[in-house]
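Inspection log for the structure reproduced underneath, given as structure tokens.
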Amino acid sequence: MVFPKATKTDYVTLRPKEKTLTKISVCLRSYTELTREHSLFSMAKHNFHNAFLIYPNPSGCLCISINNENIYYKVDPESLKWKHTCVTWNSKTGLLQLWINGKRYPRRVTKTRVPLTPPVSVILGQEQDKFGGSFDLNQSFVGEITDVNIWNYVLSPAMVMAYFADYYTISGNIYSWVRKKYTVTGQVSILQNQYYRK
């Protein structure tokens, strides 16, 4: 998926299986020249607009929001290459894990223990300030996103490393990239059968 410019009108809505998530793993690959903060993955519920948000700042910080609780990581500064990001969370323990390009950052524990319950709105390219909308141009993503998958369990380190090492995708059981259940709004381009090098 190619997001060509900063806008409030270009985004992709994913259609994951409707299921209560006590555990979740989200993995995706992205490529951008942005030097400002932006949203990579935005899941909203009616009572939490940042139910599950992956929000990097290329200056060396990445924010993960779970049920509007913000957890900040100091990460390696953004470089111009494909970036593989995986985030896992267990609502029962609060254990949050971030992996970028095969490197696991220090584990954190969230205060929130509220499972992610349907209905949810899952959007790529924009950050939701309310369920399904209220976008800010200055938070929009510009670049490429591929291989987005969601699981209802915590991926093991071996699975994350396998996902990072291979050009193909380990399909998610809540949302699978290969099944292509999404809706495009605006000028997002979908490239079929394109391959890239890490």
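The values are calculated or read from the model by the stated rules, or taken from the named source; none is laboratory data. Remember, it's a predicted structure, so these values are computed and weren't measured experimentally. Note that we place each Cβ from the backbone using ideal geometry, even for glycine, and neighbour counts take in every protein chain shown.
For the stretch 64-71, indicate whether the set of residues that are exposed (fewer than 15 other Cβ atoms within 10 Å of the Cβ) and part of a strand (DSSP E or B) is non-empty.
Looking for residues that are exposed (fewer than 15 other Cβ atoms within 10 Å of the Cβ) and part of a strand (DSSP E or B), one finds at least one in the stretch 64-71, hence yes.
Any idea which residue in the stretch 148-198 is farthest from LEU124 (Cα to Cα), counting only those that are modelled with pLDDT of 90 or more and of a type in the set (Phe, Trp, Tyr)?
Among those that are modelled with pLDDT of 90 or more and of a type in the set (Phe, Trp, Tyr), it is TYR153.
From the list PRO16, PRO58, PRO4, exactly one residue is more than 26 Å from LYS180 (Cβ to Cβ) and either more than 14 Å from the chain's Cα centre (by Cα) or surrounded by 17 or more Cβ atoms within 10 Å (Cβ to Cβ) (or both). Which is it?
Just a single option satisfies the conditions, and that option is PRO58.
Restricting the first residue to the stretch 57-77 and requiring it to be more than 24 Å from THR93 (Cα to Cα), which pairs with a second residue that is acidic (Asp, Glu) meet a Cβ separation below 7 Å and a spacing of at least six or different chains?
Matching pairs, first to second residue: ASN57/GLU37; PRO58/GLU78.
Quick check on LYS81: is it more than 24 Å from TRP177 (Cα to Cα) and part of a loop (DSSP other than H, G, I, E, B)?
no
Taking the options VAL75, VAL26, name whichever one is within 27 Å of ALA158 (Cβ to Cβ), among the hydrophobic types (A, V, I, L, M, F, W, C) and in contact with a Gly (Cβ under 7 Å, 6 or more places away or on another chain).
VAL75
Could you list, in sequence order, the residues of the stretch 89-143 that are in contact with a helix residue (DSSP H, G or I) (Cβ under 8 Å, 6 or more places away or on another chain) and part of a strand (DSSP E or B)?
TRP99, ARG104
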